[in-house]
Amino acid sequence: MLALPRSPAYNSAMTNAIQTARLSATDWREDAFDLMRGVAAYTASPLMKGLADVLARHPDADLGNAFNHKQVGCKMWARDALCETLGGDFGRIVILGGWYGILAGILFDDPRFSIGAIDSYDIDPSVASVAETLNRGWKERFSAMTADMYALDYRALGADLVINTSCEHIADLRAWLSLLPEGSRVLLQSNDYFSEPTHINCVPSLDAFVAQAGLADLRFSGSLRMKKYTRFMLIGTV
Ligand SMILES: C[S@@+](CC[C@H](N)C(=O)[O-])C[C@H]1O[C@@H](n2cnc3c(N)ncnc32)[C@H](O)[C@@H]1O
């Protein structure tokens, strides 16, 4: 195809458009940070303060995805079902595939819970520092570490609850569950969102998730319908 020379006016307009787009991205982040600082001050919530700090310190974190209303809805569902099923007192909770530590923050932020410590493990080395920033309000009781959940010594971790809301992201749920000491209490979430490329192990239904996990004792099972997919949750014992 013949490349036609662009006029100086065209080139200048393009340069301006690119510069404006760059400036808008910066302005957007600054605006979001100012807004979150205001929300944090108004609500006096350490979690909102943590979100503001993440915006300021980790501009590349995919926060809009991790803290969108569907992600938050699934985690609030987990929090409420956990409180109703097992109560709110835990010595040590271990979260696998913990990502930016949002579920940990939501649990710490809820006065119904009394939690000694939450340890969050994720195989992605870029997420631990974001999770630590988000949970700075509870920094003595929170730690985020980089690890493959298949390579941990669960007996040594001494958790009284193991949470994995990333079951759709791991290849073999039963193989992972077999690493936990018998009698471990677990909260698991998966979904039927097959079209998302990072979901390598979705299940088509709640019954399929119950069968896949094969828990020894099932205390809670439920579905949460979202617009594009359904999320499934189990609480029980291995
Ligand atoms: C997209 S995130 C979380 C999704 C889930 N819906 C949630 O909000 O909890 C899935 C996380 O699982 C992590 N992950 C995947 N395989 C893992 C493994 N073998 N060990 C630890 N983390 C893993 C990924 O790095 C990612 O941060």
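For ALA117, list long-range residues whose amide hydrogen, built 1.01 Å from N in the peptide plane, is under 5 Å from its own amide hydrogen.
HN-HN under 5 Å from ALA117: ARG92, ILE93.
Give me the one-decimal nm value for the distance between modelled label points at ARG136 and ARG112, 7 Å along each residue's Cα-to-Cβ direction.
Placing both labels 7 Å beyond Cα along the Cβ direction yields 2.9 nm.
Round to the nearest 0.05 the FRET efficiency obtained for SER178 and ALA56 when R0 = 35 Å and r is the Cβ-Cβ distance.
Numbers: r = 42 Å, r/R0 = 1.20.
The computed FRET efficiency comes out at 0.25.
What number of lysine-lysine pairs in the chain show an alpha-carbon separation below 22 angstrom, given a sequence spacing of 8 or more or placement on distinct chains? Intermediate results must be reported in sequence, preceding the final value.
Numbers: LYS49/LYS70; LYS49/LYS75; LYS49/LYS139; LYS70/LYS227; LYS70/LYS228; LYS75/LYS139; LYS75/LYS227; LYS75/LYS228.
Total qualifying Lys-Lys pairs in the chain comes to 8.
Going by C-beta contacts inside 10 Å, put VAL210, VAL203, VAL130 in order with the fewest on the left. All intermediate terms of the calculation are to be shown ahead of the outcome.
Working: VAL210 16, VAL203 21, VAL130 26.
Least crowded to most crowded, the residues run VAL210, VAL203, VAL130.
Just to be sure I follow the definition: excluding the sites themselves, where is the longest run in the chain that has none of the GluC sites (Glu not before Pro) in a DSSP loop with at most 15 other Cβ atoms within 10 Å? Before the final figure, lay out the partial values.
Values: sites that count: GLU140, GLU182.
Counting at most 15 other Cβ atoms within 10 Å as exposed, the longest clean stretch of the chain is 1-139.
Give me the Å³ per residue figure for the convex hull around the C-alpha atoms of the chain. Before the final figure, lay out the partial values.
On the way: hull volume 39.3 nm³, N = 238.
Cα convex hull per residue, to the nearest whole number: 165 Å³.
Can you put CYS202, CYS167, CYS83 in order, fewest other beta carbons within 10 Å first?
Numbers: CYS202 19, CYS167 25, CYS83 14.
Least to most surrounded, the residues fall as CYS83, CYS202, CYS167.
In whole Å, how far is the Cα centre of segment 84-132 from that of segment 152-197?
Between the Cα centres of segment 84-132 and segment 152-197 lies a distance of 14 Å.
Per the helix-only calculation at 222 nm, which mean residue ellipticity applies to the chain, given -39500 (n - 2.57) for every DSSP H run of n ≥ 4 and division by its residues, nearest 500 deg cm²/dmol?
That calculation yields -13000 deg cm²/dmol at 222 nm.
What does the highest-first list of 120-127, 228-235 look like by mean Cβ count within 10 Å? Intermediate results must be reported in sequence, preceding the final value.
Numbers: 120-127: 18.1, 228-235: 20.5.
Per-residue Cβ counts within 10 Å, averaged per peptide and sorted highest first, yield 228-235, 120-127.
Output the peptides 169-180, 49-60 sorted from most to least packed, where packing is the average of other Cβ atoms within 10 Å over each peptide's residues.
Working: 169-180: 15.3, 49-60: 18.4.
In descending order of packing, they fall as 49-60, 169-180.
In which sequence would TRP138, TRP77 go, from the one with the fewest C-beta neighbours within 10 Å to the one with the most? Can you show the working numbers first?
Values: TRP138 20, TRP77 17.
Lowest to highest Cβ neighbour count: TRP77, TRP138.
Only the coordinates and a few stated rules stand behind these numbers; no lab work does. Because the structure is a prediction, the values reported are computed rather than measured. Positions of Cβ are backbone-derived with ideal geometry, glycine not excepted, and every protein chain shown enters the neighbour counts.
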